[in-house]
1. So how tilted is helix 3-26 from the main axis of the chain? Cα-based, degrees 0 to 90, rounded to 10.
2. Quick check: pseudo-label points 7 Å beyond the Cα along Cα→Cβ at PHE81 and LYS58, how many nm apart are they?
3. State the volume of the convex hull built on the alpha-carbon positions of the chain, expressed per residue in Å³ and rounded to an integer.
4. Using the Cα centre of the range 3-151 as origin and beta-carbon charges of +1 (Lys, Arg) and -1 (Asp, Glu), tell me which of GLY44, SER24, TRP82 is placed farthest towards the positive end of the dipole.
5. For the range 79-156, just the Cα atoms, rotate onto the principal axes and tell me the three extents in Å, largest first.
6. What do you get for the angle between helix 112-136 and the principal long axis of the chain? Use alpha-carbon atoms, 0 to 90 degrees, nearest ten.
7. Need the full-extension length gain, ARG151 to GLN96, defined as separation in residues times 0.36 nm minus the C-alpha distance. One decimal, nm.
8. Neighbouring Cβ atoms within 10 Å as the yardstick, rank TYR125, TYR85, TYR100 fewest first.
Amino acid sequence: MTQMENLHRLFRYDHWANCEALASLKISEGPPPHALRLMAHIVGCEWLWLARLQEEKKAVTVWPDLSAAQCETQLVDLQRFWFYYLEGLTPAQLAQPIAYINSKGESWRNTVEDILLHVVMHSAYHRGQVALALRAAGDTPAYTDFIHAVRQGFVD
């Protein structure tokens with residue numbers, strides 16, 4: 001598998017896992033508000049990183065106030081935008097540095113590849129927090145482990 005194929009695979013996994021985590025919130029009798037806030041944060045940050053990678057200067061909210069339905073719509077849109085972004089990316093571009101200002105106002109430069117890996121890992125980190133909040137509320141969180149997705153054929 002090439003580096004580019006692997007990135008496509010990781011983003012297919014990320015989308016599947018985000019949708020699974022959101023589905024577990026939607027079926028909960030009373031999902032913890034903090035868990036929905038975390039899902040909205042995943043959505044907001046994925047839009048933010050996509051804008052940074054495209055070197056767009058539009059304002060993106062890191063902690064948007066989104067309903068479960070809005071998260072669902074945004075996840076579908078994100079999947080499409082990530083697909084188009086990755087399709088236009090070449091292996092050589094992965095090493096290109098991207099300059100951006102973080103939410104603390106600090107200037108940084110990271111490679112495209114490092115940012116892409118961060119996006120997937122950041123979402124996984126917060127999905128874990130969503131799962132913890134659901135379990136603490138007596139609900140059953142989604143099983144979003146990468147290996148589970150591969151074993152079940154959710155990610156080819």
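Read-outs throughout are calculated quantities, based only on the coordinates presented, and are distinct from any laboratory measurement. Please read all numbers here as calculations on a predicted model, not as lab measurements. Cβ sites come from the backbone with ideal geometry, for glycine too, and all protein chains shown count toward neighbours.
1. Helix 3-26 sits roughly 30 degrees off the main axis of the chain.
2. 0.6 nm
3. That works out to 109 Å³ per residue.
4. GLY44
5. 44, 35, 20
6. Relative to the chain, helix 112-136 is tipped by roughly 10 degrees.
7. Using 0.36 nm per residue and subtracting the Cα-Cα distance, I get 16.4 nm.
8. Ranked by crowding around the Cβ, least crowded first: TYR125, TYR85, TYR100.
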